[in-house]
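Structure first, commentary second.
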Amino acid sequence: MHEHRFQGGAARLRSPERLAWLEVNRVVDLSMQNAYLRRVLDVGTGSGIFAEAFAKAGLEVEGVDANPEMLAEARRLVPNVPFQEGTAESLPYPVAAFDLVFMGMLLHETDDHLKAMQEAARVTRNKIAILEWPYRAQDIGPGLDERLRAEQVKGMANQVGFENVEIISLNMLVLFIISK
């Protein structure tokens, strides 16, 4: 299980170069548009970069990650957010517990992409935001064999009952905003 799991440390996740190409504030702003949001779940939270940004935007945030070492860092760096251990394919939350489920740089690393999408759909009331690598060769990130095509993400969203998929191209990444 989790053969695709991120292997770098928290310092690497929070490097200035990585934070710049993640466009954290822009991604958070885009994820929050066109919906009333109060509660957000950051799936695959890592060191809590996006959980921290959503909390600073005034939202109630929780984070989940499969890596206990990353969770320890997230708890240290973002002490005002509750974090727990769990996988994207088996989220430890009840149905419709959140207004937004955010998956940042995670979906391509899951063992079962569709199951992760099903779980996100199960625990959200309104929408899912997925930040991913675009399906094109780049000097950084995984190879094309590990990246998801936009059609794959749209197809999975449709399979779990979400009809609206907005695809936003960022400088280095792509953001999928998925709603019913």
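The values are calculated or read from the model by the stated rules, or taken from the named source; none is laboratory data. What you see is a predicted model, and the numbers here were worked out from it, not measured in a lab. We place every Cβ from the backbone using ideal geometry, glycine too, and count neighbours over all the protein chains shown.
Just a few scattered comments:
- Residue 162 part of a loop (DSSP other than H, G, I, E, B), touching a residue at least 40 places away in the same chain (Cβ under 8 Å) and surrounded by 14 or more Cβ atoms within 10 Å (Cβ to Cβ): yes
- Which numbered condition residue 114 fails, given (1) within 21 Å of residue 40 (Cα to Cα); (2) surrounded by 15 or more Cβ atoms within 10 Å (Cβ to Cβ): (2)
- Residues satisfying the stated conditions in the stretch 107-159, i.e. part of a loop (DSSP other than H, G, I, E, B), among the aliphatic types (A, V, I, L, M) and within 17 Å of residue 88 (Cα to Cα): 148
- Scan of the stretch 123-151 for residues that are of a type outside the set (A, V, I, L, M) and either surrounded by fewer than 16 Cβ atoms within 10 Å (Cβ to Cβ) or at pLDDT below 95 (or both), ordered by number: 126, 135, 136, 138, 139, 141, 142, 143, 145, 146, 149, 151
- If you filter the stretch 13-47 down to residues that are basic (Lys, Arg) and outside any helix (DSSP H, G or I), you find that the one that is modelled with the lowest pLDDT is 14.
Okay, residues lined up against (1) in a strand (DSSP E or B); (2) surrounded by fewer than 16 Cβ atoms within 10 Å (Cβ to Cβ):
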site: 73; (1), (2): no, no
site: 80; (1), (2): no, yes
site: 84; (1), (2): yes, yes
site: 93; (1), (2): no, no
site: 101; (1), (2): yes, no
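- Among the residues of the stretch 27-50, the ones that are of a type outside the set (Val, Ile, Thr) and either farther than 20 Å from residue 95 by Cα or free of Cβ contacts under 8 Å to residues at least 12 places away in the same chain (or both) come to 10 in all.
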